[in-house]
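Report on the structure given below.
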Amino acid sequence: MIKGNPIHAMLYPLYEMNHAALQPMRFMTNASLAFWQNDANPLATTSLGRSAVASLSMLERATRRYDKPSFEISSTQVNGKTVAVTENIVWQSPFCNLINFAKADQKKPQAKLLMVAPMSGHFATLLRGTIEEMLPHYDVYVTDWVDARDVPVEAGSFDLDDYTDTLVTILHHLKTRAHVMAVCQPSVPVLAAVSLMNAANDKLAPLSMVLMGGPVDTRRNPTAVNKLAVEKGSAYFRNNMIMKVTGPHRGVGRDVYAGFMQLGGFLSMNMDRHLKAHRDLYRSLVDGVEEDAEKHQIFYDEYMAVMDLTAEFYLQTVDRVFINHDLPNGTYLHRGNQVNPGAITKTALMTIEGERDDISGVGQSEAAHDLCPNIPAAMKTHHLQMGVGHYGVFSGKKFRAEVAPKIVTFLNAQK
């Protein structure tokens, strides 16, 4: 049992009480929106109507519980032809669903790509754009981590070692040498899993691994996030960030790092930018610029949807990755045994970073090359994408135009 600050422990029930207390107001807000947006209302398209809709929409969004979005990937293009895509859960545990985006009438088998989504607050749907770019070329699988608040206490704990074991189990489930891609946070456990499989001479060790904007060595070009972890120390996070899940969730009693705490951290890092974005949304709604309003709403529907993390996983990650730097220091242990990236010889390595990344600084992912000296030079490459921040490493225009083609070229070269 993890003992946290008793004052902070009250935040979770207060957060839930706040949502419950706002329900009557939300009911009235939605009823008013229905009135002002009704096509039969002659005032709906007037300046007054648009202003009313803008104000009510801002209130509705400010008081909403943002649920997990859907992937909404129903088709892709393969060799110039539109192919239907079906989302299937092909393996699961209490803490993870493995989703395969299966293509219809796929006569020629494609290489399998395991995309490891970050377990750092947002849902796996954050990788929607990444998945869409890889789908034409590979048989794509994604780790869809389960919100810890929805996992009953009876399911047990889930820590950093469990995360690593889950990846090894999934790679075995794929029954072939797959490619594995880690976006941000999972770069460390993916590197650990691949190290263990290579050290064991595992026949299913991945053909390649792509580490994107990950905290392999946060001592390099440390960001504000990295500095905060070192300055505060492990005890601070244990005492101030951990609380117990309350009703109405299935994980009542589980110790977690709450998603709303993580979201508060995300927002505070760039508060001016987020406030401006919401002011722009209001103006777009008032002016009737639907395209701009829709873009904002799509982004923030994803950004505001957050999940809880198990306390043990969160605290170990803070301690072992961000404070003690176990992996680059050579002290990273899995189940009490040292993890040695130097054992990797059969898995190719590609690292990708963003020039303006303010979460994982430039050089932190590239550090993996120094830790893996026995991978042949022909099987290693690094790409620094200019002009993008953290999210631009795996999504957006420059990712589609410049990063994704380089990934495809690299993966296809590994046999």
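Nothing in this text is a laboratory measurement; each read-out follows from the coordinates by a stated rule. No experiment lies behind these values; they were computed from the predicted model shown. Every residue, glycine as well, gets a Cβ built from its backbone with ideal geometry; the counts of neighbours run over all protein chains shown.
Can you give the % of DSSP beta bridges in the chain that are antiparallel, to the nearest 5? The partial results should precede the final answer.
Numbers: 25 of 49 bridges.
That works out to approximately 50 percent antiparallel.
In terms of other Cβ atoms within 10 Å, Asp105, Asp150 run from fewest to most in the order Asp105, Asp150.
Normalised by the number of residues in the chain, what is the relative contact order in percent for Cα pairs under 8 Å and 6+ residues apart?
Details: 738 pairs, mean separation 83.6, N = 415.
Relative contact order comes out at 20 percent.
Since only Phe27, Pro42, Leu11 are under comparison, the one whose Cα sits farthest along the positive direction of the charge dipole of the stretch 1-65, derived from C-beta charges on Lys, Arg, Asp and Glu, is Leu11.
Give, as ranges by residue number, the residues of the stretch 67-84 whose backbone N falls under 11 Å from the point 7 Å along Cα→Cβ of His19. Label zone hits: 67-68.
Going by neighbour counts of Cβ atoms within 10 Å, the residues Met271, Met379, Met243, Met17 line up, fewest first, as Met271, Met17, Met379, Met243. Between Glu87 and Lys203, the C-beta separation translates, for a Förster distance of 35 Å, into a calculated FRET efficiency of about 0.75.
Each part gets one Cα centre, and for the stretch 129-146 versus the stretch 378-415 those centres are 15 Å apart.
Counting only other residues whose beta carbon sits under 13 Å from that of Ala117, what net charge do I get with K and R as +1, D and E as -1?
Numbers: positive: Lys68, Arg128; negative: Asp144, Asp147, Glu302.
Counting the neighbours of Ala117, the net charge comes to -1.
From least to most packed, judged by other beta carbons within 10 angstrom and beginning with the fewest, Trp91, Trp36 follow the order Trp91, Trp36.
The separation of the stretch 15-79 from the stretch 284-302, counted between C-alpha centres, amounts to 12 Å.
Treating the beta-carbon of each Lys and Arg as +1 and of each Asp and Glu as -1, no other charges, what is the dipole magnitude of the chain about its Cα centre, to the nearest 20 debye? Don't skip to the end; give the middle numbers.
Details: 40 positive and 42 negative charges, 111 e Å.
About 540 debye.
The alpha carbon centroids of the stretch 85-113 and the stretch 182-240 are separated by 25 Å. Hydrophobic long helices, here whole DSSP H runs in the chain with Kyte-Doolittle means of at least -0.5 and Cα atoms spread over 15 Å or more along the helix axis, are found at 11-37, 47-62, 160-173, 187-199, 259-269. Computed extension gain for Ser70 through Met386, at 0.36 nm per residue and net of the alpha carbon distance, reaches 110.7 nm.
Could you calculate the FRET efficiency of His172 with Met28 from 1/(1 + (r/R0)^6), where r is the beta carbon distance between them and R0 is 41 Å, rounded to 0.05?
On the way: r = 53 Å, r/R0 = 1.30.
Step by step, r from the Cβ atoms, then E = 0.15.
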